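Worksheet: the structure to be examined is printed underneath.
The values are calculated or read from the model by the stated rules, or taken from the named source; none is laboratory data. It should be emphasised that the depicted structure is a prediction, and the values quoted were computed from it without experimental measurement. Cβ: placed from backbone, ideal geometry, glycine included. Neighbour counts: every protein chain shown. Only protein heavy atoms, including side chains, enter the accessible area calculation; ligands, DNA and RNA are left aside. Shrake-Rupley method; radii C 1.70, N 1.55, O 1.52, S 1.80 Å.
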Amino acid sequence: MSKNWLRAAAMAASLALCALPATAEEKLTVLLDWFVNPDHGPLYVALEQGYFKEAGLAVELIAPSDPNDPPRLVAAGRGDVAISYQPQLHLQVDAGLPVTRIGTLVATPLNTVIVMKDGPVKSIRDLKGRKIGYSVGGFEDALLGAMLERHGLTLKDVTLINVNFSLSPALFAGQVDAIVGGYRNFELNQMEIEKKEGRAFFPEEEGVPAYDELVFITARNKAADPRLGRFLDAVERGTLYLVNHPDEAWRLFVKGRADLDTELNRRAWVDTVARFAHSPRALDRARYDRFARFLHERGLIKAVPAVESYTSHID
């Protein structure tokens, strides 16, 4: 057998290997909790840096038309992962929705009670006899009730007014004296931009157990899906890059999305960096159980379930 023939055969084999298609990336659909905003920073950093691709995933990030839809859609198999809220997760599971928490995106509460900085309310106790605007009943009522009770008040001492999602405008207009449900990384910045500074009272400092604001959930029967571990690994890489390089990460976040490059988002980005979960898979069972007990005491869930019944360990 000639050397020339061997060389020709080797070259043919090499060309054949080069002609083989690359390993296909597996599609993964992620339903966001709301319109795209800095809370989703690690996901977009992971997307732009190619971390999802390196994990063998083609991730599609979808903003919902109705923020109530994502948990129901993933439960029905019409999405792989949804971003939701830990308080809502407890209520959803209590109502029988077959979903499970697989990771954390934002590891601290963002919710607050906000008043005008130059107004008459200097402490929670000063809310007595005043009007408080809210958007979503249930959890926000429980949160506010706990904060009031720490100062010798109850919900009967205030007047609750549903202002839908016009929280800051209702406060500016004097329609209400305070709002519950405003986020510390958004509403406070919006108020400052409009030269109407606010003062925030933080639930975790006023008797409400700490909780994860944003969590990743999936359908209970999908918890063993091998794509989920690779997804969380890529999100962790995105988070660590963002924490280490916040300015570069911001540029990745707004790349090709000029509508996101606003003063409000720039300020919110700075305020959100420290709140992302550095290890998305990590789960503090005692913390989740403590918060479930708080919701049960407030009458929002019927029983305190085992943490393992609504959370999943992802390999």
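The table below gives the values:
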quantity	calculated
One residue from Pro109, Pro42 being closer than 26 Å to Glu192 by Cα, in contact with a strand residue (DSSP E or B) (Cβ under 8 Å, 6 or more places away or on another chain), surrounded by 22 or more Cβ atoms within 10 Å (Cβ to Cβ) and not charged (D, E, K, R)	Pro42
Neighbours by Cβ (under 8 Å, 6+ apart or cross-chain): first from segment 214-228, outside any helix (DSSP H, G or I); second open to solvent by 10 Å² or more (accessible area, probe 1.4 Å) and among the hydroxyl-bearing types (Ser, Thr, Tyr)	Leu214/Tyr85; Val215/Tyr85; Thr218/Ser312; Ala223/Ser312
Given (1) open to solvent by less than 40 Å² (accessible area, probe 1.4 Å); (2) modelled with pLDDT of 95 or more; (3) not basic (Lys, Arg), index of the condition Val163 fails	(2)
Filter result for Ala286 (among the aliphatic types (A, V, I, L, M), touching a helix residue (DSSP H, G or I) at 6+ places or on another chain (Cβ under 6 Å) and either in a helix (DSSP H, G or I) or within 17 Å of Phe186 (Cα to Cα) (or both))	no
Elements of type strands (runs of 3 or more DSSP E) contained in segment 97-148, each with 2 or more residues being of a type in the set (A, V, I, L, M)	99-106, 111-116
Filter result for the condition that a residue is open to solvent by less than 40 Å² (accessible area, probe 1.4 Å), in a helix (DSSP H, G or I) and not charged (D, E, K, R), over Pro64, Pro71	Pro71
Residue in segment 233-283 that is surrounded by the fewest Cβ atoms within 10 Å (Cβ to Cβ), counting only those that are polar (S, T, N, Q) and assigned to a helix (DSSP H, G or I)	Asn244
Residue satisfying all of: in segment 74-99; of a type in the set (A, V, I, L, M, F, W, C) and exposed (fewer than 14 other Cβ atoms within 10 Å of the Cβ); nearest to Gly50 (Cα to Cα) among these	Ala76
Condition check for Ile124: under 16 Å from Gly174 (Cα atoms) and open to solvent by less than 10 Å² (accessible area, probe 1.4 Å)	no
Residues of segment 168-190 that turn out to be touching an Asp or Glu at 6+ places or on another chain (Cβ under 6 Å) and under 21 Å from Val270 (Cβ atoms), as a count	2
Lys53 being among the charged types (D, E, K, R) and either within 25 Å of Leu214 (Cβ to Cβ) or modelled with pLDDT of 95 or more (or both)	yes
Subset of segment 48-58 [in contact with a Leu (Cβ under 7 Å, 6 or more places away or on another chain) and open to solvent by less than 20 Å² (accessible area, probe 1.4 Å)]	Leu57
Criterion (buried (at least 21 other Cβ atoms within 10 Å of the Cβ) and in contact (Cβ under 8 Å) with a residue 24 or more places away in the chain) met by exactly one of Phe186, Phe202, Phe172	Phe186
Any pair with Cβ under 6 angstrom, 6 or more apart, that starts in segment 87-101 at a residue that is within 12 Å of Ala219 (Cβ to Cβ) and ends at one that is assigned to a loop (DSSP other than H, G, I, E, B) and open to solvent by 40 Å² or more (accessible area, probe 1.4 Å)	none
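For (1) closer than 18 Å to Tyr85 by Cα; (2) without any contact (Cβ under 8 Å) to a residue 40 or more places away in the chain, each residue gets a yes or a no:
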site: Ala249; (1), (2): no, no
site: Val254; (1), (2): no, yes
site: Arg257; (1), (2): no, no
site: Phe276; (1), (2): yes, no
site: Phe291; (1), (2): yes, no
